[in-house]
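The values are calculated or read from the model by the stated rules, or taken from the named source; none is laboratory data. Here the structure is a predicted model, which is why all the values come from computation and not from measurement. As a convention, Cβ positions derive from the backbone with ideal geometry for all residues, glycine included, and neighbour counts pool all protein chains shown. To get the accessible areas, we keep the full protein, side chains included, count just its heavy atoms, and leave off ligands, DNA and RNA. Shrake-Rupley method; radii C 1.70, N 1.55, O 1.52, S 1.80 Å.
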Amino acid sequence: MTEVGYVLPLDDPTAELAVVGGKGASLSRLAAAGLPVPVGFHVMTAAYDEFVTGGGLRDRILDAASAVDTADPATFEAAAARIAALFDGPGMPAAVERAVGKAYAELGPEVVVAVRSSATAEDLPDMSFAGQQDSYLSIRGEAAVLDAVRRCWASLWTARAIGYRARNGIAAHEVSLAVVVQQLVPADAAGILFTVDPVTGADDRMVVNAGWGLGEAVVGGQVAPDTVTVAKDTGAVLDYQVGAKTVRTVRTAAGTAEEAVPAELRDRAVLAEEQVAQLARLGIRIEQLYGQPMDVEWALAGDQLYVVQARPITNVAAGEWNDSLAGDYLWSNGNLGEAIPDVMTPATWSFVQIFMSEAMASTSLPGYRGYGRIGGRFYLNLSMAASLSRVVGVSRKRFRAMTEPVYGKLPPDLAIPLIPLPRLRILAMLLPVIVRTLREIRGFKARMPEYMATAAARAEDLRAAIAATDQQAELVRLWHEQVGLYLVESSSMLAAGARQGVTALITAPRTLRKLVGEKDATAILSGQGEGDLASLGPMLGLARLARGEIDEQTFVRRYGHRGAHEFEVSQPRPGEDPAGQLAGLEQAAVGAEELLANQEAARQEAWRRLEQLYPGKVAKVRRQVARWAHAAQSREHTRSEVIRSFWVLRAWVLRAGELTGHGDDLFFLTLEEILAVLDGDESALAAVPRRRATYERYRLLPPYPTLIRGRFDPVRWAADPNRRVDRYEEHGAGAPADDTLTGFAGAAGVVEGTARLIKDVAEGDRLGAGEILVTAVTNIGWTPLFPRAAAVVTDVGAPLSHAAIVARELGIPAVVGCGNATARVDDGDRIRVDGERGTVEILSAR
């Protein structure tokens, strides 16, 4: 074979799959069509074949690969180690070396290039092989290029690649590898263009993701990019969501590296409208070239756009993860939406469904669930709750009054549609559920002391057992015999804990307000019971950690499972990286104990005033408050143990990803699909790219309205400049938003100050001491910020919500459940928060 036979120009018409691999064939097609593809060349599969045949490696490679067992990942590692040693042996054939060197020299003197693997089983419509082999960026000089080509060849035989092909029935002798060498675009920005909406499937719009620097940070999911929705016919921008771009990939002398994005660029739009329009035109050309929807990787250097890859989009989503499409129901995120604020990955949703089936079993009926996903976020179905209440004789008016402390206020003009089932049929389905639930709860209450005493150690033991598991079959057995049962028991214990004194949780505050008013009622209900509320634990633990009273290991053991994203199993726990995730928060929490001491003094004064006014009622009120405190603690501590179980679930999925070689792809599978993959059936993995796109699309949208009635499209809602964040109705906008911001009196007191809008707890360092925290929703991960705040205002919440509980304990004025505070208050406005009346007044704009 001649030297010319080892390389081809990038746009050569003979550059087909068998010759240049999947990636190379696609790039060749794009370049031949005149699209702006960076210049380069192919190192053909013939060069790889010459290397393994001429060096006498082929038979030894196939012999090593033939020894793998798809049920034993350890054999993948063993085969990969044997083959890697072979590639360290013979040098590159001289003819191949000359051909590659000559082609590289023709690009220009010492051109910086990207060297990318292109397998013959890659980028195929019915396979997910892309990314199985390695690529190298920022390569300069002939010797470095040759070395990168050799490393690409070797990556055809990593443990992950061997296992992936073995499970998909691709024989070792059927694969070969080409390499694409292209001039590396010195990208100022880069990203992905979808030629149809990957979430809704709408083909009249495109979606662009954009970030600073090279495209690896965006493609690899290390950064929340800008998301732009574009009209396909005109190229006009329909919606531009600016992402929090904290990281970018840049060129360095040694290759590439990730660095922090300069502060002035993080919240700046990456693309101008004309650049978006240019991308749209390129997308249309590429879609027409391939005759189907496409996923296009692009880069921008100066004013020049480049196409660096394009592959078909398969299985475009259409209304995925959206239970609002099921009918005319009223949905609310005013309760568990606070605990589960994130868009959920499929793995998390699987676990949440198990949790709900045990913790809130009586909220659902066969075929009618009392909860669901809307745009991937958790919502409760109030139509279901109202229908069940009506069956047992609760009027609509009383239902609203009873649920207000839990779900938040329901506007009087907002109707609650009921489930379309006859009352007798609902009753027939409901009674067995109630009887079974009550019987089970009695049993769990009896076992609760033992459970609470051993829960922390049990979780640690399970995580250790998971980490020690080195066989896929053993990990499956561990789920069925221990991990799954642990989740069920933890969830059931929360059901038992939440039902202890539930009447007192509602009646005690009402009684106190009637006797002494909102301010003294708030003071009396703080600081109750023995020990700390679980919600205060991490904050007080941070203060003790900062003073050296406990060490980091103790903090992690007690509180490492609690955080802002504690239900979402794809997110790391603070305990996994305490130095990184706790940095800077210790000082924020130090003032908490002083606030608690002040609140204790206020509590004693409030009790004295009650004794003076109603001496004959004090004993009865103390008993009622004691029941309230016991119920609140039981609810908080059992919920904390549920969260500990979710850390175990995260460890289990991570280990499954390690054993199967699929890493975090498994977060985008359901529990049943993960178990199937562990058993050797990997068919579900084909859906991962689509689900990742769906997840990212929903995750970048602003938080949805607290109340949603009817069918709701989160993408179209987010694109509406006049959208409301407090409520949405499919038919009609409902009453106009009030001029006055009102919510629940979360904690009494009046404060004036500067409003600081915080979208995510990661932005907590923007909250200055004495400023007013305004946000959509808080959970325990936000608690360390509270001592720094003069007051707290939230869109989502109720008297029993996290923000209200913690603010009350610290004596910080709070108004929760405003519905539209983040839409009405601008960052830097001066506002007045009246925690006793539940009002927020904008005094002056920034």
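Within the range 426-466, the set of residues being open to solvent by 80 Å² or more (accessible area, probe 1.4 Å) and over 21 Å from M360 (Cβ atoms) comprises P449, E450, A453, D461. Taken together, the residues in the range 653-710 that are under 30 Å from N335 (Cα atoms), under 20 Å from the mean Cα position of the chain (by Cα) and in a loop (DSSP other than H, G, I, E, B) amount to 9. Being touching a helix residue (DSSP H, G or I) at 6+ places or on another chain (Cβ under 9 Å), open to solvent by 20 Å² or more (accessible area, probe 1.4 Å) and among the small types (G, A, S) is true of A769.
So that you can scan it fast, the table gives a plain yes or no per residue for (1) in a loop (DSSP other than H, G, I, E, B); (2) in contact (Cβ under 8 Å) with a residue 12 or more places away in the chain:
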{"position": "L421", "(1), (2)": "yes, yes"}
{"position": "I426", "(1), (2)": "no, yes"}
{"position": "L430", "(1), (2)": "no, yes"}
{"position": "G443", "(1), (2)": "no, no"}
{"position": "P449", "(1), (2)": "no, no"}
{"position": "R458", "(1), (2)": "no, yes"}
{"position": "D461", "(1), (2)": "no, no"}
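Selection of first residues in the range 810-828 that are at positive phi and small (G, A, S) and of second residues that are in a helix (DSSP H, G or I) and open to solvent by 30 Å² or more (accessible area, probe 1.4 Å), restricted to Cβ pairs under 6 Å at least 6 apart or on distinct chains, gives the following pairs, ordered by first then second residue: G811/L595; G811/N598.
Residues in the range 485-522 that are within 30 Å of L671 (Cα to Cα) and either open to solvent by 10 Å² or more (accessible area, probe 1.4 Å) or free of Cβ contacts under 8 Å to residues at least 24 places away in the same chain (or both): L485, V488, E489, L494, A498, R499. With respect to G334, is the statement that it is in contact with a helix residue (DSSP H, G or I) (Cβ under 6 Å, 6 or more places away or on another chain) and surrounded by 24 or more Cβ atoms within 10 Å (Cβ to Cβ) true? Yes. Of all residues in the range 366-391, those satisfying the criterion of being more than 27 Å from W479 (Cα to Cα), over 17 Å from the mean Cα position of the chain (by Cα) and part of a strand (DSSP E or B) are Y368, L380, N381. Scanning the range 695-725 for residues that are polar (S, T, N, Q) and either open to solvent by 30 Å² or more (accessible area, probe 1.4 Å) or at pLDDT below 85 (or both) yields a total of 1. Name the single residue, out of those in the range 160-204 being hydroxyl-bearing (S, T, Y) and either in a strand (DSSP E or B) or more than 30 Å from W717 (Cα to Cα) (or both), that is modelled with the highest pLDDT. Among them, the one singled out is S176.
Of all residue pairs spaced 6 or more apart or on separate chains, those with beta-carbon atoms under 7 Å, a first member in the range 743-771 that is free of Cβ contacts under 8 Å to residues at least 24 places away in the same chain and a second member that is assigned to a loop (DSSP other than H, G, I, E, B) and open to solvent by 20 Å² or more (accessible area, probe 1.4 Å) are G770/A790; E771/A790. For the range 807-826, the set of residues classified as assigned to a loop (DSSP other than H, G, I, E, B), open to solvent by less than 40 Å² (accessible area, probe 1.4 Å), under 21 Å from V725 (Cα atoms) and not polar (S, T, N, Q) consists of G817, C818, G819, V825, listed by residue number. In the range 257-277, the residue that is surrounded by the most Cβ atoms within 10 Å (Cβ to Cβ) out of those that are modelled with pLDDT under 85 and assigned to a helix (DSSP H, G or I) is R266.
Does L843 count as aliphatic (A, V, I, L, M), in contact with a helix residue (DSSP H, G or I) (Cβ under 8 Å, 6 or more places away or on another chain) and either open to solvent by less than 10 Å² (accessible area, probe 1.4 Å) or in a strand (DSSP E or B) (or both)? Against the criterion (aliphatic (A, V, I, L, M), in contact with a helix residue (DSSP H, G or I) (Cβ under 8 Å, 6 or more places away or on another chain) and either open to solvent by less than 10 Å² (accessible area, probe 1.4 Å) or in a strand (DSSP E or B) (or both)), L843 does not qualify.
Filtered by the rule that a residue be farther than 12 Å from W157 by Cβ, of a type in the set (G, A, S), in a helix (DSSP H, G or I) and open to solvent by less than 60 Å² (accessible area, probe 1.4 Å), the range 34-77 gives A46, A47, A74. Here is a check on your reading of the model: is P411 part of a loop (DSSP other than H, G, I, E, B) and open to solvent by 20 Å² or more (accessible area, probe 1.4 Å)? So P411 fits the description; yes. Of all the residues in the range 273-302, those that are under 13 Å from F194 (Cβ atoms) and among the polar types (S, T, N, Q) number 1. Of the residues screened, S526 is one that is at pLDDT 75 or above, touching a helix residue (DSSP H, G or I) at 6+ places or on another chain (Cβ under 8 Å), surrounded by 20 or more Cβ atoms within 10 Å (Cβ to Cβ) and on the phi < 0 side of the Ramachandran plot. Of the listed requirements (1) at pLDDT 85 or above; (2) open to solvent by 10 Å² or more (accessible area, probe 1.4 Å), W153 misses just one: (2).
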